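The values are calculated or read from the model by the stated rules, or taken from the named source; none is laboratory data. Not measured: the values here are computed from a predicted model. Using ideal geometry, Cβ is built from the backbone for each residue, glycine included, and neighbour counts are taken over all protein chains shown. Areas reflect the complete protein model, heavy atoms only, side chains present, ligands, DNA and RNA absent. Shrake-Rupley method; radii C 1.70, N 1.55, O 1.52, S 1.80 Å.
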Amino acid sequence: MGTRNLVSIADLSNDDIEEIFEYADSCDKLRSDKVGSCKIMATLFYEPSTRTRLSFESAMQRLGGTVISCSDMQSSSAAKGESVADTAKVVSSYADVLVVRHYWDGAVQAMAEHADVQVINAGDGGHEHPTQTLCDLYTLRKEKGALKGLNVVICGDLKNGRTIHSLVYALARFGANVVTLAANGMELPQYVLERLEREYQYTLAPVAGDDLSAVVTESDALYLTPKQPHQLALFTQVDSTIQTRLTSMVSGLRYDAFYMTRKQKERIKNGAAGGSYPSIGSKFLTEQRFKDTVVMHPLPRIDELSSEVDKDRRGVYFKQAAYGVPIRMALLHFLFEKQRQHQFIKSGKGAAIFESPHKTGPHCPNSKCIAVNEPGSTRLRYEILAGGPAAALVLRCLYCDHRFKAHLVGQTTSKKYCAYDIALAETVKQWLKKSELAIFDSIKQAEELGYEPYKSGPQRAIMDDREIQSAVRQMSEQILKDCEDPDRLLVLGIRTNGSLIGQRITAQMEQLQKRKFEVGEVEIYGTGDDLRRIFPDEPELGPVSLRDRSIILVDDVIHTGRTVRTALNIIFRSGRPRSVRLAVLIDRGHREIPIKPNYVGKHIPSAEHERVRVHLGEVEPDEKDKVVIYSITSPSES
Ligand code: NCD
């Protein structure tokens, strides 16, 4: 039998949310009808809570139900090391619904898989907090009427704030516009942006720096919108007409709501560290353009929201917290009803789900994921995302949503493995369909499971170490020749090979100019800190500032252009450079996206079925640098 849970905001459709709001509007009736009588709710909170737990408990009691609770999970068996899987199983026989808050991303999904009763997510690590989103949307609707078309600023720690993540998905679904105003280094994570783009066609674009950011902070505002008047990420040079259009579009904007959040210091290494954090107070209240902007906050607040706003009609955060009770009464009633009527959601419509056929397999790279911290409570299950950057095989962790690239695939019947390549896309799809697909983290893992390699085709060297060296020199000279202000120059290489070539270009330029240049790297499959400085001598410098920089983005090979596009998304999300120019060692054609590199080491016209690989000494110390080309034959043909 299925169970209707609420783990992610995606578990509720827009109609479901409207239905819950209707119940909330008539919560007095739910109360007098005692719709929850005979039901028991267990609250399992592995992290502190005031509002969420108390409003859930109050809601359940008002529905006529009862509550059992471990007031502090440190006083439960969890302190003795009991897994979330066992806890979920055990408590299922004591209660009809579990309300769970946990410090690991994805822990509530793991609990839901092991519980025999309904499970509600009351916040899982830095991942999601769907019931807070219901309170937020309900508040917005009460204050502003319809959600569609609203302009909502989200501000603060957008990286670690779970309330933010659930909220942006919901706002996107209801057709609201989102302006992000992140504290420095706390931008929306790439996995959230990609989901917004994949599921709701939302893309990010920079907004005038003197607009919103002047009110609160140093950081740049970014505009997330479904009605893309811009395709900024497609351009390697920020086009000034696009920038002007965007700026004028945004400067006339009315802001309906300003959603402030605190710095999630418990989720940040060396919690207190870091520079300035945005805050709002009296200056905000006197600005004409905010005269009808409601100020929201999931609470608790620290210093980012001054108590001056409390007395103002626009400060609605205490109402927002008070709605927690009617909304949670409505939600409990809704979930009980759906369960009674056996109305379950079809999870992940049409999604391609991979589960490892072996005890080991690919591992989620997010160190805060339950799958990493308590593997025994989870399964090696992932969604396979088609058409990731560079046509890679991208897996999405079904617990924490983080994505990563899979490199090695195998077939369970032939027990052969090989490196994944786009030419294998169809074959891999077939293997998945027939449950013959295996995916590995490493060659060691594949071979330990008894898999043998497929033979690869003959390779032809197309560049040797001397040619690579001279290409790097020639690109460096060209970059310096075009460079108007060397102080603004920032070299950013795409990890791994692009980053290594970026470092070589920087070293070459330093030698030519007898001065230092800043160099960093972009990690396109990263799990958070995907833009970092490479400066081994000074690790304490903090995040790289992109504002007004002339960026040279570097990669080894350009093919479809998708990798570059993803790197550009990361760059524009993290700040507003003056320009971005692209340098690649090899351009092999076949672009899907109109991107033209500014600096090219060598053009290599290649056929679609051919592959180009760059081998660099930094990665393979026993080998000389070289570039090779080879044809790919599908393992199923051999
Ligand atoms: C939020 C949470 O726990 O994520 N609080 C809440 O539930 N109202 C926000 C926060 O702790 O900053």
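Beyond 50 Å, how much of the Cα-Cα pair distribution for the chain remains, as a whole percent? Everything past 50 Å amounts to 15 percent.
Values of log10 I(q)/I(0) for segment 30-102 across q = 0.12 Å⁻¹ run -0.33, by the Debye formula with one identical scatterer at each alpha carbon and no solvent. Counting only protein heavy atoms and a 1.4 Å probe, the chain has 42 square angstrom of accessible area per residue.
The alpha-carbon positions of segment 555-621 define a convex hull whose volume is 111 Å³ per residue.
Straight-line cross-link reach from Lys159 at under 22 Å between alpha-carbon atoms covers these lysines, not counting any fewer than eight positions away in the same chain: Lys263, Lys265, Lys269, Lys368, Lys405.
Tell me, what is the FRET efficiency for Ala79 and Lys624 to the nearest 0.05, using R0 = 56 angstrom and their Cβ-Cβ distance as r? If you can, show how the numbers build up before the last one.
Details: r = 56 Å, r/R0 = 1.00.
Once the sixth-power term is evaluated, E becomes 0.50.
Principal axis analysis of the Cα atoms in segment 352-453 yields extents of 33, 29, 22 Å, listed in decreasing size. Take every pair of alpha-carbon atoms less than 8 Å apart whose residues are at least six positions apart; their mean separation over the length of the chain yields a relative contact order of 12 percent.
Could the peptides 131-144, 103-116 be put in order, highest first, of the mean number of other beta-carbon atoms found within 10 Å of their residues? Write out the running numbers ahead of the final one.
Numbers: 131-144: 22.6, 103-116: 25.1.
The densest-packed peptide leads the list: 103-116, 131-144.
For Arg581, the residues 5 or more places off, or on other chains, whose built amide H falls under 5 Å of its own are Ile551, Ile552, Leu553. About its Cα centre, the dipole of segment 352-453 is roughly 160 debye, where the only charges are +1 on Lys and Arg Cβ and -1 on Asp and Glu Cβ. Comparing Cα centroids, segment 552-631 and segment 353-398 end up 27 angstrom apart. Seen against the Cα atoms of the chain and their longest principal axis, helix 190-200 is set at about 70 degrees. Solvent-accessible surface (1.4 Å probe) assigned to Asp465 amounts to roughly 50 Å². Cys residues of the chain that find no other Cys beta carbon under 4.7 Å: Cys27, Cys38, Cys70, Cys135, Cys155, Cys418, Cys483. Computed from the Kirkwood radius of its Cα pairs, the Stokes-Einstein diffusion coefficient for segment 1-65 at 20 °C and 1.002 mPa s stands at 158 µm²/s. Relative to the longest principal axis of the C-alpha atoms of the chain, give the angle of the C-alpha long axis of helix 51-62, reported between 0 and 90° and rounded to the nearest 10°. Long axis of 51-62 versus the principal axis of the chain: about 40 degrees. Rounded to the nearest 500, the helix-only mean residue ellipticity at 222 nm of the chain stands at -9000 deg cm²/dmol, with each DSSP H run of n ≥ 4 adding -39,500 (n - 2.57). For the chain, the longest principal axis of the alpha carbon atoms and the long axis of helix 465-482 meet at an angle near 70°. Share of the chain's accessible area from carbon and sulfur, percent, 1.4 Å? Carbon and sulfur together cover 49 percent of it.
Peptides 22-34, 327-339, 499-511 ordered by packing proxy, namely the average of other Cβ atoms within 10 Å per residue, highest first: 327-339, 499-511, 22-34.
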